[in-house]
Amino acid sequence: MNVITKTVSLPDGRTISIETGKVAKQADGSCMLRMGNTVLLATVCAAKDAVPGTDFMPLQVEYREQYAAAGRFPGGFTKREGKATDNEILTCRLVDRALRPLFPSDFHAEVYVNVILFSADGVDQPDALAGFAASCALACSDIPFECPISEVRVARINGEYVIDPTFEQMKNADMDIMVGASKENIMMVEGEMNEVSEQDLLGALKAAQEAIRPMCVLQEELMKELGTDVKREYCHEVNDEELREQLRKETYDKCYAIAEAGDHDKKAREEAFDKIKTDFAEAYAAAHTELTEDELEEKNALIDRYYHDVERDAMRRCILDEGKRLDGRTTEEIRPIWCEVSPLPMPHGSSIFTRGETQSLTTCTLGTKLDEKMVDDVLNKSYQRFLLHYNFPPFCTGEAKAQRGVGRREIGHGHLAWRALKGQIPEEFPYTVRLVSQILESNGSSSMATVCAGTLALMDAGVPMKKPVSGIAMGLIKNPGEDKYAVLSDILGDEDHLGDMDFKVTGTKDGITATQMDIKVDGLSYEVLAAALEQARKGRLHILGKITECIAEPREDYKPFVPRIVQITIPQDMIGAVIGPGGKVIQDIQKTTGTTITITETDNKGVVDIFGLDKEAMDAALSRIKSIVAQPEVGDVYNGK
């Protein structure tokens, strides 16, 4: 065996080791990553050839945690790991978003990356190591990719940036972000913050870049030792340069004219762009009758690919040269917004938030402690009392297809909105809260519409939010070799797809609460990022103003059909008396009064919550409990049965 081990140090002196050549040797690339007692295996395999007709990067990333890693049995009847948990899916997305831009644009072979957690002691956080492990596996292979990358978690603890903090350290953090970067460029950012400033966020990105740089150098050294710095040869595209030039010559000006026209109707723009392509394809077919049906089909596939590039270039040049966007807006202009609260009569809270052609209908439900979500991950056993679910049905973009189960994208978008809002719900709020965002229309950042609609629904339900939250999606246009650039506020779907950055920011009037960033261009300076953050701040404050125009603060009281809560504390040694043998006493109280009662033991006392719709029933339950825990006092009169 040719076993190679490399080690890199974090800023605080802790080390991460990478070992290859010992296990999983039949994969194209594999490595074992170790940090303390945390061990991950990362493997990568790529098909030798692309599936005919593939014109995208078919990358699949999987991250799985074995319960044996922490010495635990999985739950359920089968006692075996099942489908990926939300945490595993979110980690997959973080790795995927950092790796995907690394592959050459003309490389279309299927690539599968697998990262498995095999050992964990609950000290270090393994999700922060998955990106580094995956990139090292790629470095050990002959699969073509641009350059090594890594990912780190950055937390701010007592004013200091800490790289890859432990679970224990995270308890004191006011910032938690994951950053993916190469030696030179930031590529991916996602995280949550406690109303921090834009400059604080930039400081975290710089700290991450410094920590990632030696990890990338390690991978470069590893490639040289293994001889994998020379990648495999491939040919996944057959091009027709004459056709490419002809198409650009005949369609560019027409595409530019549509981009310059500034039609705010998404479908009308799509139809106009499609007509240019269809007209060219028909004219080309008429001029080349000598082509067989199969040859013409191949040419049409090339026309689709080349036309996409023409459309992209025309839209970008129109923005850079004239400051005019596809729907006619300026670079800083926000689409028209309208909001409504209580559009539905029975939910505890509801709202509609519409920004341009993006619309969310969100409902808020208030429940008891029994409605909390139990999380049973390998390293996280806890309960969540704030839930947010995001649904993206096909009809919201006019697609005629069936709606299947919840996809990775929906989990990721919902999680971002959840992170944006969760810090604004008071810890002492006794209810369990569930938001459900149904996207009814989509043309640009439905996740940020979910944040805004979620704020409206929470306030409509009477949840005493600390501060309302708004969100905005930003974009960037910057061509390589040009100093000129444009930062776009409130981007359209096409601007996201054809642009160089998708940058979402949420926050209150006082600071940022969550962010997500994907950068597709090299050499983006921190000055440009600072300009984008400042433009985003102005945009989200504008949106926040629209939200508070609709409902300025949470309702003073809940709606009539919301369960009411009475909370009392009882001595710790009386908890058993209230519950009774086998739960007999508390079950009888609930049955006879029609209430729901929960007891939580905290700080050496019992906290009793009584939930009910009827005041008399709640008073009766409260009276029963007080009679059980009451201490006899001199002068009181007690009636015996």
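Only one residue of 138, 471, 315 has its Cα farthest out toward the positive end of the dipole of the chain, where Lys and Arg carry +1 and Asp and Glu -1 on Cβ, and that residue is 471. Note that the stretch 356-365 has calculated 3J(HN,Hα) couplings of x, 9, 10, 9, 10, 9, 10, 10, 10, 10 Hz, one per residue in order, obtained from phi through the Karplus relation 6.51 cos²θ - 1.76 cosθ + 1.60 (θ = phi - 60°); glycine and proline are x. When peptides 350-360, 222-232, 92-102 are ranked by their average number of other Cβ atoms within 10 Å per residue, the highest-first order is 350-360, 92-102, 222-232.
Given +1 on the Cβ of Lys and Arg, -1 on the Cβ of Asp and Glu, and no further charges, what dipole in debye does the chain carry about its Cα centre, rounded to the nearest 20? Result for the chain is approximately 2540 debye, rounded to the nearest 20. Note on residue 112: accessible area is roughly 100 Å² with a 1.4 Å probe, heavy atoms of protein only.
In this calculation the C-beta distance from residue 573 to residue 497 is compared with R0 = 60 Å, giving a FRET efficiency of 0.40. Spin-label model, residue 534/residue 51: points 7 Å from Cα along the beta carbon direction are separated by 4.8 nm. A dipole drawn for the chain from +1 and -1 charges on Cβ atoms has a positive end, and of 53, 129, 247 the residue lying farthest that way is 129. Using a simple spin-label model with pseudo-atoms 7 Å out from Cα toward Cβ, residue 630 and residue 146 lie 7.4 nm apart. Look at the alpha carbon pairs under 8 Å that are at least 6 residues apart: their mean separation over the length of the stretch 225-314 gives a relative contact order of 47 percent. A cut-off under 10 angstrom between Cβ atoms defines the neighbours of residue 284, and their net charge, with Lys, Arg +1 and Asp, Glu -1, is -2. For the stretch 473-584, the residue among 488, 524, 543 whose Cα projects farthest onto the positive side of the dipole built from Cβ charges is 543. Surface exposure of the chain, expressed per residue as accessible area with a 1.4 Å probe, stands at 46 Å². The label-point distance for residue 15 and residue 615, in a model that sets each label 7 Å from Cα toward Cβ, rounds to 6.9 nm. Computed over protein heavy atoms with a 1.4 Å probe, the carbon and sulfur contribution to the accessible area of the chain reaches 50%. Among 574-582, 243-251, the peptide with the highest mean count of other Cβ atoms within 10 Å heads the list, and the full ranking is 243-251, 574-582. In this structure the amide hydrogen of residue 187, modeled in the peptide plane, comes within under 5 Å of the amide hydrogens of 180, 181, 182, none closer than 5 places in sequence on its chain.
Using the structure shown, list the pairs from 381/626; 22/206; 478/504; 254/299; 559/626; 324/401 with a Cα-Cα distance above 24 Å, or answer none. Correct reply: 381/626; 22/206; 559/626; 324/401.
Dividing the mean sequence gap of close Cα pairs (under 8 Å, 6+ apart) by how many residues the chain holds gives a relative contact order of 11 percent.
Sorting 213, 434 on solvent-accessible area from highest to lowest, probe radius 1.4 Å, gives 434, 213.
Protection proxy ranking, highest mean first, for peptides 447-456, 36-45: 447-456, 36-45, where packing is the per-residue count of other beta-carbon atoms within 10 Å, averaged. In terms of Cα to Cα distance under 17 Å, which aspartates and glutamates are near enough to residue 615, apart from those fewer than 8 places away along the same chain? The reachable aspartates and glutamates, counting only those whose Cα sits under 17 Å from residue 615, are 557. Using the Cβ-Cβ distance between residue 623 and residue 194 with R0 set to 51 Å, the FRET efficiency from 1/(1 + (r/R0)^6) comes to roughly 0.75. Between residue 402 and residue 370, full extension at 0.36 nm per residue minus the direct alpha carbon distance yields a gain of 8.1 nm. Applying 1/(1 + (r/R0)^6) with R0 = 35 Å to the Cβ-Cβ distance of residue 170 and residue 25 gives a FRET efficiency near 0.45.
The values are calculated or read from the model by the stated rules, or taken from the named source; none is laboratory data. It should be emphasised that the depicted structure is a prediction, and the values quoted were computed from it without experimental measurement. Note that each Cβ is placed from the backbone with ideal geometry, even for glycine, and that neighbours are counted across all protein chains shown. For accessibility, only protein heavy atoms count, side chains too; no ligands or nucleic acids. Shrake-Rupley method; radii C 1.70, N 1.55, O 1.52, S 1.80 Å.
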